[in-house]
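K.L.:
Handing you this structure, nothing more for now.
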């Protein structure tokens, strides 16, 4: 507790006297909501080539923006704008993407199994 108090005093002493009331009111730039990390827009090619593990990580990461998840859902999985608007929360969108990844995995397994059985018949 004493260490925290010392750090606070050191911080306040480093600021001009005029800034103290603003700091105490909590209206300064440091008290405003931290700016969200801006995630770069990915190209459609990058999204289509993205490994499933990466998509799952992004869908599960609470810091991934809704806009970023919408871009992945529409480009990679063909979800329409109307389909995205039905998903009211970011969590619902993340869950939808996880379901789509699961479906993509199942389709891949079926395709591989069908390919193996198809070659065995001849």
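K.L.:
Can you say whether residue 96 is crowded, with 18+ Cβ neighbours inside 10 Å and either assigned to a helix (DSSP H, G or I) or touching a residue at least 60 places away in the same chain (Cβ under 8 Å) (or both), as far as the supplied structure shows?
P.N.:
So residue 96 fits the description; yes.
K.L.:
So, in region 25-47, of the ones that are outside any loop (DSSP other than H, G, I, E, B) and exposed (fewer than 11 other Cβ atoms within 10 Å of the Cβ), which residue ends up modelled with the highest pLDDT?
P.N.:
If we take residues in region 25-47 being outside any loop (DSSP other than H, G, I, E, B) and exposed (fewer than 11 other Cβ atoms within 10 Å of the Cβ), then 45 is modelled with the highest pLDDT.
K.L.:
Just the residues that are closer than 19 Å to residue 45 by Cα and in contact with a helix residue (DSSP H, G or I) (Cβ under 9 Å, 6 or more places away or on another chain), please, taken from region 62-77.
P.N.:
68, 69, 70, 71, 72, 73, 74, 75, 76, 77
K.L.:
OK, next. For the structure I just gave you, tell me whether residue 71 is assigned by TED's automatic domain parsing to the domain that holds residue 96 and either more than 30 Å from residue 99 (Cα to Cα) or modelled with pLDDT of 80 or more (or both).
P.N.:
yes
The values are calculated or read from the model by the stated rules, or taken from the named source; none is laboratory data. Only a predicted model underlies this, so the values are computations on that prediction, with no experimental measurement involved. Don't worry about glycine lacking a Cβ; one is built from the backbone with ideal geometry, like all the others, and counts go over all protein chains shown.
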